[in-house]
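Notes for the one structure printed next.
The values are calculated or read from the model by the stated rules, or taken from the named source; none is laboratory data. As the structure is a computational prediction, the values presented were derived from the model and not from experiment. Cβ: placed from backbone, ideal geometry, glycine included. Neighbour counts: every protein chain shown. The protein model used for the area step is the full one, side chains on, heavy atoms only, and it has no ligands, DNA or RNA in it. Shrake-Rupley method; radii C 1.70, N 1.55, O 1.52, S 1.80 Å.
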Amino acid sequence: MLNAILVVGVGSIGKRHISNFKKYFKKIDIADTRLDRLKDVSNLYKIRNSYKSYIDALKNHNDYSAVIICTPPHLHLDIAKEAVKKNINLFIEKPLSINSKGWKELNRKIINKKLINYVAFCHRHIKYTQKLKSLLDKKIIGKIININLRWGSYLPDWHPYEDYRSFYMAKKNQGGGALLDESHGIDLVRYLFGEVDSVFAKIGNFSDLEISSDDNAYLTLIFKEKIIGHLNFDLVARHPRIYLEINGSEGIIIWDRVEHTIKIFEIKKNKWKTLNFSKEEFMEMYPRQAKHFINCLKGKEKEKIDITDALKTQNLIDTSFSSSKYEKLLKIK
């Protein structure tokens with residue numbers, strides 16, 4: 001039975017999740033340290049209670065079916081710990097955290113308590129991502145040899161209504177930066193091509209943006225399936241460029257999240273074919289993700305991306321930062 005939910009952090013992504021979950025829950029509580037956000041969200045949606053502290057919310061109610069964690073990444077672990085103490089299911093915004101520390105121990109408790117836990121790498125829910133997966137599974141371009149992922153945008157354009165320097169994305173200690181926040185790309189390539197054997201990375205600040213977090217991350221991955229991949233994440237692209245080029249022995253596929261297309265070149269046909277999708281189909285990933293989580297709560301589905309899975313992405317991120325620091329190719333442990 002679905003009761004109430006607590007949404008912790010009601011910035012832009014928190015509001016988006018409330019919009020998608022309100023059709024499933026009549027009782028929604030919110031928590032945020034900013035009074036202006038609490039007031040704004042309470043005016044927009046039918047909110048039962050609002051709190052400045054998620055601790056107070058958890059103390060005052062025992063009817064939460066789930067806690068939806070939408071804060072900056074450095075706060076995720078502490079919130080998750082408190083929810084698990086109360087035996088409450090978890091929906092956690094990506095990335096899982098700023099690093100893997102503490103999550104394995106908590107995950108053991110979650111598994112022992114049989115709690116539903118989901119990490120919101122929502123790009124798996126895009127219709128044309130799933131189409132891409134089916135094309136690769138059919139091996140229409142033969143054996144995959146290499147991949148090139150480009151994931152770039154301009155940080156000051158993200159939230160034009162606020163100073164980008166005050167946004168958590170600008171702050172390293174809060175889990176901001178190109179690699180952590182754009183880690184959708186890492187989850188995506190793991191989903192499509194399997195686990196990674198080793199990584200060489202260069203991550204740092206190369207622009208004039210006034211941020212302490214990284215604005216560029218270049219990763220070279222060697223997958224266990226003997227695929228080599230180059231991943232480029234940045235916060236300096238003045239026009240968004242988000243695409244994945246896959247080169248196989250029998251052709252090429254290009255998945256483009258900005259153009260909403262999949263382009264296919266097959267050697268046998270000697271021509272390009274374009275599959276067109278829409279922005280509306282792209283945006284459907286959020287309600288589709290919400291429905292998936294609800295089905296998990298009802299026991300109808302198994303979590304697509306639980307903490308066990310998200311820890312593999314987090315571990316790759318952690319190892320990439322270490323590779324950049326020590327300037328070495330490192331194995332993924």
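Which value, in debye to the nearest 20, gives the size of the charge dipole of segment 61-148 about its Cα centre, when Lys and Arg are +1 and Asp and Glu are -1 at the Cβ?
Numbers: 17 positive and 6 negative charges, 103 e Å.
It comes to approximately 500 debye.
Only Cα pairs under 8 Å and at least 6 apart count here; give the relative contact order of the chain as a rounded whole percent. Let's see the in-between values first.
Values: 671 pairs, mean separation 61.9, N = 333.
After rounding, I find 19 percent.
How much net charge surrounds Trp103 when only the other residues with a Cβ under 14 Å from the Cβ of Trp103 are counted, with Lys and Arg +1 and Asp and Glu -1? Intermediate values should be presented prior to the final figure.
Numbers: positive: Lys81, Lys94, Lys101, Lys104, Arg108, Lys109, Lys312; negative: Asp78, Glu105, Asp306, Asp309, Asp318.
Charge balance in the 14 Å sphere: +2.
What do the square roots of 5 times the Cα gyration tensor eigenvalues come to for segment 139-201, in whole Å, largest first, as semi-axes of the equivalent ellipsoid?
Value: 31, 14, 9 Å, ordered largest first.
Would you calculate the separation in nanometres between label points at Met1 and Lys172, each defined as 7 Å from the Cα along the Cα-to-beta-carbon direction?
Inter-label distance under the simple model: 5.1 nm.
Report Rg(Cα)/(2.2 N^0.38 Å) for segment 18-59, keeping two decimals.
Against the compact-globule rule of thumb, the ratio is 1.11.
Please list 3J(HN,Hα) in residue order for segment 198-212, calculated via the Karplus relation 6.51 cos²θ - 1.76 cosθ + 1.60 where θ = phi - 60°; whole Hz, with x for glycine and proline.
Each residue of segment 198-212 in turn: 7, 9, 10, 9, 10, 10, x, 10, 10, 10, 8, 4, 8, 9, 9 Hz.
Working from the alpha-carbon coordinates of segment 1-139, get Rg over Rh, Rh being the Kirkwood radius.
On the way: Rg = 16.0 Å, Rh = 15.9 Å.
That ratio is 1.01, to two decimals.
Taking every alpha carbon pair in segment 94-194, what does the distance histogram look like in 5 angstrom bins from 0, in percent?
Distribution as computed: 2, 9, 15, 17, 17, 14, 13, 9, 3, 0 percent.
With a cut-off of 8 Å between alpha carbons and a minimum separation of six or more residues, what is the relative contact order of segment 151-276 in percent? Before the final figure, lay out each step's value.
Values: 237 pairs, mean separation 28.7, N = 126.
Answer for segment 151-276 is 23 percent.
Limiting things to C-alpha atoms, what are the Rg and the maximum Cα-Cα separation (Dmax) for segment 154-303, in angstroms?
Radius of gyration, then largest Cα-Cα span, for segment 154-303: 18.1, 53 Å.
Distance between Cα centroids, segment 273-333 to segment 1-68: provide it in whole Å.
24 Å
So what is the calculated 222 nm ellipticity per residue for the chain, using -39500 (n - 2.57) for each DSSP H run with n of 4 or more, over all residues, to the nearest 500 deg cm²/dmol? Before the final figure, lay out the partial values.
Details: 12 runs with 115 residues, N = 333.
Dividing the helical sum by the residues of the chain leaves -10000 deg cm²/dmol.
Add +1 for every Lys or Arg and -1 for every Asp or Glu among the other residues with Cβ under 12 Å from the Cβ of Ser207, and state the total. Don't skip to the end; give the middle numbers.
On the way: positive: Arg238; negative: Asp208, Glu210, Asp214, Asp215, Asp234.
For residues surrounding Ser207, the net value is -4.
With every atom except the alpha carbons ignored, what do you get for Rg and Dmax of the chain, in angstroms?
Cα only, the chain: 20.1, 65 Å (Rg, Dmax).
Round to the nearest 0.05 the FRET efficiency obtained for Lys101 and Asn270 when R0 = 51 Å and r is the Cβ-Cβ distance. Walk me through the numbers before you get to the answer.
On the way: r = 52 Å, r/R0 = 1.01.
After rounding to 0.05, the efficiency reads 0.50.
Check which residues have an amide H placed less than 5 Å from Glu250's amide H, if you skip close sequence neighbours.
Gly142, Lys143
How large a share of the accessible area of segment 14-118, in percent, is made up of carbon and sulfur atoms when the probe is 1.4 Å and the other protein chains stay in place? Provide the component values of the computation, followed by the final result.
On the way: 2510 of 5420 Å².
The nonpolar share, carbon plus sulfur, comes to 46 percent.
May I ask you to derive the FRET efficiency for Asn146 and Ser207 from their Cβ-Cβ distance with R0 = 22 Å, giving the value to the nearest 0.05? All intermediate terms of the calculation are to be shown ahead of the outcome.
On the way: r = 27 Å, r/R0 = 1.25.
E(calc), rounded to 0.05, equals 0.20.
Calculate, for the chain, the solvent-accessible area per residue in square angstrom, rolling a 1.4 angstrom probe over the heavy atoms of the protein chains. Mind dumping the intermediate values first?
Values: 15950 Å² over 333 residues.
Heavy-atom SASA per residue in the chain reads 48 Å².
To the nearest 20 debye, what charge dipole does the chain have about its Cα centre, counting +1 at the Cβ of each Lys and Arg and -1 at the Cβ of each Asp and Glu? The partial results should precede the final answer.
On the way: 58 positive and 39 negative charges, 267 e Å.
The calculation lands at about 1280 debye.
As an exercise, find the ratio Rg/Rh for segment 1-83 from alpha-carbon atoms, using the Kirkwood inverse-distance average for Rh. Let's see the in-between values first.
Working: Rg = 11.4 Å, Rh = 12.5 Å.
My calculation puts Rg/Rh at 0.91.
Once amide H atoms are built 1.01 Å from N in the peptide plane, which residues 5 or more positions from Asp197, or in another chain, come under 5 Å H to H?
Ile222, Phe223, Lys224
With an 8 Å cut-off on Cα pairs and a minimum separation of 6 or more residues, tell me the relative contact order of segment 191-231 in percent. Mind dumping the intermediate values first?
Values: 69 pairs, mean separation 16.6, N = 41.
Worked out over segment 191-231, it gives 40 percent.
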